[in-house]
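> I have a structure here, written as structure tokens, and I will follow up with some questions on it.
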Amino acid sequence: MHPMSETSPRRCSVAAALGVIGEKWSLLVIRELAFAVHRFDAIARNTGAPRDILTNRLRRLESAGVLEKRCYQEHPPRFEYHLTAAGEELRPVLLSLSQWGDRWAVDEPATTFVHRCGEELELVHTCRACGGEVTGRDVRARRLAPASA
């Protein structure tokens with residue numbers, strides 16, 4: 001066994017994702033963009049983020065490819081923020097967090113989501129191959145070969 005393996009953290013996509021979006025203000029920015037709130041002042045108001053922190057998070061999310069900045073006014077320059085394809089893929093993650101929060105973190109939910117079928121959303125994760133519900137207890141990790149240097 002290599003001596004570093006005992007002290008090195010596990011290589012993990014969860015850890016990598018959290019390095020990009022795993023901070024309160026970042027997730028709240030993504031929530032606002034998913035709710036079609038695109039301008040800085042409205043994002044600041046709806047998240048409660050201090051302006052300097054919000055500016056920093058917007059820059060980090062842009063450099064990570066989660067959102068893009070679009071100019072909507074030339075003089076003075078003013079920008080809107082929009083989710084990229086990578087940001088759009090976070091919508092189900094936010095819905096899952098919201099559903100978990102409704103069950104375990106708040107006394108009364110502030111929002112409910114209605115699916116296009118007209119019913120209140122109860123999100124379940126399913127396997128694309130078999131269609132079965134995925135609980136997390138029904139999967140196993142398979143280690144992949146390490147990336148070559």
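No lab work stands behind these numbers, since they all come straight from the coordinates. All of these numbers come straight from a predicted model, not from anything done at the bench. In this analysis, Cβ positions are derived from the backbone assuming ideal geometry, glycine residues included, and neighbour counts consider all displayed protein chains.
> Would you calculate, for the chain, the mean residue ellipticity at 222 nm contributed by helices, counting each DSSP H stretch of 4 or more residues as -39,500 (n - 2.57) and dividing by all residues, to the nearest 500?
That calculation yields -11500 deg cm²/dmol at 222 nm.
> Here is a follow-up. When only Cα pairs under 8 Å and 6 or more residues apart are kept, what is the percent relative contact order across the chain?
After rounding, I find 15 percent.
> Right, another one. Which whole-number percentage describes the relative contact order of segment 3-90, with Cα contacts under 8 Å and a sequence gap of 6 or more?
Dividing the mean separation by the residue count of segment 3-90 yields 26 percent.
> If you line up the long axis of helix 24-34 against the longest principal axis of the chain, both from Cα atoms, how many degrees apart are they, to the nearest 10?
Tilt of helix 24-34: around 70 degrees.
> Measure nothing but the geometry: give the 0 to 90° angle between the long axis through the Cα atoms of 51-63 and the longest principal axis through the Cα atoms of the chain, rounded to 10°.
60 degrees
> Sort Leu61, Leu28 so the one with the fewest other Cβ atoms within 10 Å of its own Cβ comes first.
In order of increasing Cβ crowding within 10 Å: Leu28, Leu61.
> Continuing with this model, one more query. If Lys and Arg each add +1 and Asp and Glu each add -1, what is the summed charge of the other residues whose beta carbon sits under 15 Å from the beta carbon of Val114?
Here the charged neighbours net out to -2.
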